[in-house]
1. Only one of Ala643, Ala578 is in contact with a strand residue (DSSP E or B) (Cβ under 9 Å, 6 or more places away or on another chain) and among the small types (Gly, Ala, Ser); which?
2. Could you list, ordered by first residue, the pairs with Cβ atoms under 8 Å in which the first is in segment 546-558 and under 15 Å from Gly619 (Cα atoms) and the second is modelled with pLDDT of 85 or more and hydrophobic (A, V, I, L, M, F, W, C), at least 6 apart or interchain?
3. All but one of (1) crowded, with 17+ Cβ neighbours inside 10 Å; (2) at pLDDT below 95 hold for Pro127; state the number of the condition that does not hold.
4. Does Thr514 satisfy the condition of being under 30 Å from Ser202 (Cβ atoms), in contact with an Asp or Glu (Cβ under 7 Å, 6 or more places away or on another chain) and modelled with pLDDT of 95 or more?
5. Quick check on segment 289-315: of everything there that is in a loop (DSSP other than H, G, I, E, B) and touching a helix residue (DSSP H, G or I) at 6+ places or on another chain (Cβ under 6 Å), which residue is surrounded by the fewest Cβ atoms within 10 Å (Cβ to Cβ)?
6. Of a type in the set (A, V, I, L, M), outside the structural domain of Ala409 (by TED's automatic domain parsing) and in contact with a Phe, Trp or Tyr (Cβ under 7 Å, 6 or more places away or on another chain), is that true of Ile136?
7. Can you list residue pairs whose Cβ atoms sit under 9 Å apart, with the first residue in segment 281-298 being in the same structural domain as Ser233 (by TED's automatic domain parsing) and modelled with pLDDT under 90 and the second being among the aliphatic types (A, V, I, L, M) and buried (at least 19 other Cβ atoms within 10 Å of the Cβ)? Count only pairs 6 or more apart in sequence or on different chains.
8. Would you say Glu28 is more than 27 Å from Lys125 (Cβ to Cβ) and within 44 Å of the chain's Cα centre (by Cα)?
Amino acid sequence: MRLIHTLKLAAMCCAMLATSVVMGQNREAKEAEEAFKRGFYFNAIELYKKAYTVEKKASAKAELIFKVGECYRALGDAAQAEVWYDKANKAQYSDPVTYLYLGDMLKEQGKYAEAIAAYNRFKEKKPGDARADQSIAACQQAQKWKDDPTRYAVDPEVMLNTANYDFSPAFADKNNNDLVFTSTRPAATGTETDGIIGEAFSDLFTSRRDKLGKWSEPVKLPPSINTASNEGSVVLNSKRNLMYFTRCPVEKKKVHGCDIWMTKKVGSEFSEPVMIALKPEQDKNDTNVITVGHPALTPDDGSLIFSSNMKGAGAQGGKDLWIVKLDKDGKPVGKPTNLGAEVNTRKDEMFPHVRFNGDLYFSSDGYPGMGGFDIFKAAKTGDNAWGQVENMKSPLNSAGDDFGIVYDAEEDRGYFTTNRPGGKGQDDIWRFYMPALVFALQGNVYDKVTGLPIPGATVEVVGTDGSSFSALTDDNGGFKFAEKGTERYIKENTSYTIRASAPEYLVVNDQITTVGLKESTTFVKEYFLQPARKDVVIRMPEVQYELAKFTLTQQGKDSLEFLYTVMTENPTIIIELAAHTDTRDTDARNQILSENRAKSCVNYLVTKGIDPARMKPVGYGESRPRISDAEIAKMKTKEEQEAAHQQNRRTEFRVLSFDYVPPQQPQTPNN
């Protein structure tokens, strides 16, 4: 069951009266119909059930069943409404709208596949009705949002909730440690039962949060605020000395509209509230009950936004959001204006809240949503103008009713109301927050040749935010950067350069970035370091030359980029650069050719800025073949033999030392 409260329920009465069909006129049916017309749905349910037991006509019995379903729908009890709409279909109720409403009730329980089946039945019976396709599309979208939720985290605020209705929180002090909210808990004023929902009438309660985040036992606001009527949906100005709230007068067997009231707070005391005149004058013949409520203030306290079913220029239908300017005393100036079709729909928009940046949040059942009422955001598009409405999606929204959101100052956290499973009772207050993205970097460092871990290797990390940190690998070559006290090593929207090194190994450089990431991530890396001792020959990409020549081809220059990178990443190494030939041609010519090829490689690297003192060119001719002539002769095909010769024509290097010291640059004299 939900409590979008009297403001919502009074509207549903008017809407459903239009669909009412003449029923049998037994006394019980007449009493039920009167209760239904007044909006006392809780009372009407039992009266309709009694009328059913004495009704003889099958069509009238089917309508009575349907009306029970309508009452449960008005009360937000989707499970019971589903049961009774299904019964109405089995009783052959004449209007196929039962399938549409059945789909809605299934949707509000998150039964999206079953809801789509009900909508398809409605589509079969009323093929020209666009609501079927719209509802099917909404279910499909809702399932996607449920399967792929946003990063928000939500939890019930246990200390504030009861088995009754607890909803519409608002901050009541400048530090946002006091909360005012609405509740029908047993401590509420009066002993009467609200015939609309079958609960006690609602009152305003307050609770304070301590330094550990624990809420105190809620305390009822004084009798000047709370009456035997329904009070709810509060907002306080930025100074927290002016409070607006909704009050809905009650009278036995009558439904009155709601109004917004205002009270001043001095210390802990509230002045006697006064009603704000927002309703237009109404024609005596107009039986529509005008209701006004759910106040919200713009960040400058200069305008009041509220929800109402009043008619007027720009009204879209159902409950709309309206705005009126306020004077320096917080009282309305001029007539309210409708926020228009950029925000309002033909259905209901309620529970507005304006964030510090001007964004407008509200609940609606007129936009595609996940079930009942969903929370939406509208961007500020001008002076007291909003548009670009978007659904806040799961988990802020659910298959049930989600409404009454309030943000905690400029923080991306706050509270909202929902009747989803997981709470204590009917509507409950839940907290929401955007958890920090959690990043970590971990991995292992290995010997590239043996594959064994390298204990004691150094892993250095430098971030674009100016941070730098390092660690030595453990006995398994492992390293990890995660928690750093109460902070993290790897942070949001930052890029990092990583350098893995060890004595007598070439370094490995790497990069990671958290920029643009929307999910917590642990970067897992494996770094394989190339041994760089004198006895280790390191292979390079093939450096090609024209036949019997030592001039570098462009492809050969491209291959030397590998060695250039090694030299720049390891600025202290001195290497021997060795060139080899195959065994064809004479020893003498091959020796000269290999020496010239080694020199051409060194000369090219010098042109790229590598100090020639760091490179020793050596030609080995054909003296060190990888594959011997005898082995080549045994190969069956010419292609195999040519490939073997190619392996012998190679360029390699080995590290002679790690003790190169770059010469100091001459200092420029000061002028």
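The values are calculated or read from the model by the stated rules, or taken from the named source; none is laboratory data. Bear in mind that the values here come from a model prediction, so they are computed numbers and not experimental data. All Cβ positions, glycine included, derive from the backbone under ideal geometry; neighbour counts span all protein chains shown.
1. Values: Ala643 fails: in contact with a strand residue (DSSP E or B) (Cβ under 9 Å, 6 or more places away or on another chain).
After applying the criteria, what remains is Ala578.
2. Ala548/Leu593; Phe550/Leu593
3. (1)
4. On the way: under 30 Å from Ser202 (Cβ atoms): no; in contact with an Asp or Glu (Cβ under 7 Å, 6 or more places away or on another chain): yes; modelled with pLDDT of 95 or more: yes.
Taking the combined requirement at face value, the residue does not satisfy it.
5. Once the filter is applied, the top-ranked residue is Val289.
6. Values: of a type in the set (A, V, I, L, M): yes; outside the structural domain of Ala409 (by TED's automatic domain parsing): yes; in contact with a Phe, Trp or Tyr (Cβ under 7 Å, 6 or more places away or on another chain): yes.
In short, yes.
7. Listed by first residue and then by second, the contacts come to Gln282/Met310; Asn288/Met310; Val289/Ala10; Val289/Ala11; Val289/Val255.
8. Criteria not met by Glu28.
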